[in-house]
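Okay, structure first, notes after.
The values are calculated or read from the model by the stated rules, or taken from the named source; none is laboratory data. Quick caveat, the model's predicted, so the values are computed rather than measured. Please note: Cβ atoms are built from the backbone with ideal geometry, for glycine as well, and neighbour counts cover all protein chains shown.
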């Protein structure tokens, strides 16, 4: 499929030559059981890698979006070993150096894992082709190597086969550090080499033509090449922008009225109630949208916790509000389906008819109409489970204002007077109490801030302060969350350095690759033979570090069969915080002072730049100048 200048290849197993059970593998994305899911991920990863090879497409970099595609790494390992005659360790270096793994969710259900029996059924031949044991093969997808009770995790496999790992927002990068921390023992979560690129959305696809006309220098509705000048919005007369916002809201309401009489929808509804909804829906009132996948952590129920208060909000004669819900739940998510049922039930109460509406059969067309037509986009995720979120980005590009918990992308996007936010930090450990507090805050902000701002009009019936919010939101928020910016970030932070390093590793018949693999093999074999003879360390927990004072420390090691330049020693001074993490205040490497036989003396003298009472420790680690980062080879020992 040609998508602009991009070619999309779709993998399908529904061919007559295939066995009947194989033809059904790709019938439904979420259909079937875990075994079919496993088959789908084999098709995506292994089949995808083979398909590219058959097409003559030989990527420099493989970007694994979620662990679902992680089997591509196994196929690439196999090709390097079987066809190019590399050892497993050498192939692993080459595959990792050309791989980026992006994790998209902190929700456990989004990280597939499979029992060992399933891998034995479908992949029993792989270890032999890779030149490793079955146990080594299984350990590639495990947090605890050798644990026979642990399932094979696709996310752990992707992380183990990738040099670079990232989350999809700044906050999610930090959440991912904690989530994957145990993969790299010896390091605190905040030290882990896990970065982030905040998601973005495709501006030409989601932005209404009339808004595009305002911010593009040479608007052409048939072109996707026009680059927006976001500051142009500040030069548009308030009345003109308000008129466009009114027109887009009217388009949404007209579309909903038409959709309500669609035969596929109306057959499930009471005709009298459909007519009443159509009559009560208005295109001239504050319209708040909530549309997305109905997972329970999205907390769609917050708005309907206090129906009496909600009724007061929607039925205020001079300042009415209407809420439009839309979305779908995962076929197996009974709790999500129950949420939808509850919202539909509330929407049918007399006081909410036409004031609170749930739209069925959520699709891209409805999503586009909603992000272009609502005044407020509401988002209420459970902190910190919103990895990024993108629907709010689409809404703000159209002049809607975002109202959300400070989670996901909104942590970076929120600006005062350009939207509204609930606090990032939880007040209560018990989620039920937190839900109650957040619901109260939502009602209060709508009543005391959003509604008055929206309905405060000048003599031309223009809400000048509201439009000021809209202009700031478009020019200073929407401008930062495009796919163009996202792709530039991936290039700058990941693709370019992966390309350079993977090319270096392949030069001169992969000589550097072989050297690194040989070195890792040697250090792994002899690491346990390293002995700490003495460690003279100043105690930071009993006395404060004084600014400007010189501190000295010395460590003597018996290196065994390791050489001094293969071992690094560093001082780590940190403030321990919750979740086994630490705020690192100082790290300072020891100098190799003296070597006598296998005994090496390392000394440190340093003057701290930040005083205080902290915890400290000395960390010994395997050291090589050609490693891309410390998580690439995590042989670590704390003194």
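Here are the numbers:
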| read-out | value |
| --- | --- |
| Options 483, 540, 513, 534; residue that is surrounded by 13 or more Cβ atoms within 10 Å (Cβ to Cβ) and within 30 Å of residue 605 (Cβ to Cβ) | 540 |
| Residues (touching a strand residue (DSSP E or B) at 6+ places or on another chain (Cβ under 8 Å) and under 25 Å from residue 310 (Cα atoms)) located in segment 254-290 | 256, 277, 281, 282, 285, 286, 287, 288, 289, 290 |
| Single residue of segment 599-616 satisfying the filter (out of contact with any helix residue (DSSP H, G or I) (no Cβ under 9 Å at 6 or more places or on another chain), free of Cβ contacts under 8 Å to residues at least 60 places away in the same chain and under 17 Å from residue 531 (Cα atoms)) that is surrounded by the most Cβ atoms within 10 Å (Cβ to Cβ) | 601 |
| Enumerated strands (runs of 3 or more DSSP E) restricted to segment 305-396, each holding at least 1 residues that are touching a residue at least 24 places away in the same chain (Cβ under 8 Å) and surrounded by fewer than 16 Cβ atoms within 10 Å (Cβ to Cβ) | none |
| Filter pass, residue 55 being closer than 22 Å to residue 518 by Cβ and assigned by TED's automatic domain parsing to the domain that holds residue 7 | no |
| Residues of segment 182-210 satisfying the condition of being at pLDDT below 95 and part of a strand (DSSP E or B) | none |
| Segment 137-167, residues that are over 12 Å from residue 77 (Cβ atoms) and assigned to a helix (DSSP H, G or I) | 138, 139, 154, 155, 156, 158, 159 |
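Conditions tested, residue by residue: (1) in contact with a strand residue (DSSP E or B) (Cβ under 7 Å, 6 or more places away or on another chain); (2) part of a helix (DSSP H, G or I); (3) assigned by TED's automatic domain parsing to the domain that holds residue 244.
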site: 426; (1), (2), (3): no, no, yes
site: 432; (1), (2), (3): no, yes, yes
site: 465; (1), (2), (3): no, yes, yes
site: 471; (1), (2), (3): no, yes, yes
site: 489; (1), (2), (3): no, yes, no
site: 494; (1), (2), (3): yes, yes, no
site: 499; (1), (2), (3): no, yes, no
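Every residue, every condition in (1) surrounded by fewer than 17 Cβ atoms within 10 Å (Cβ to Cβ); (2) assigned by TED's automatic domain parsing to the domain that holds residue 370; (3) touching a helix residue (DSSP H, G or I) at 6+ places or on another chain (Cβ under 9 Å); (4) within 30 Å of residue 385 (Cβ to Cβ), yes or no:
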| site | (1), (2), (3), (4) |
| --- | --- |
| 239 | yes, yes, yes, no |
| 244 | no, yes, yes, no |
| 248 | no, yes, yes, no |
| 252 | no, yes, yes, yes |
| 259 | no, yes, yes, no |
| 264 | yes, yes, no, no |
| 279 | yes, yes, no, no |
| 283 | no, yes, yes, no |
| 290 | no, yes, yes, yes |
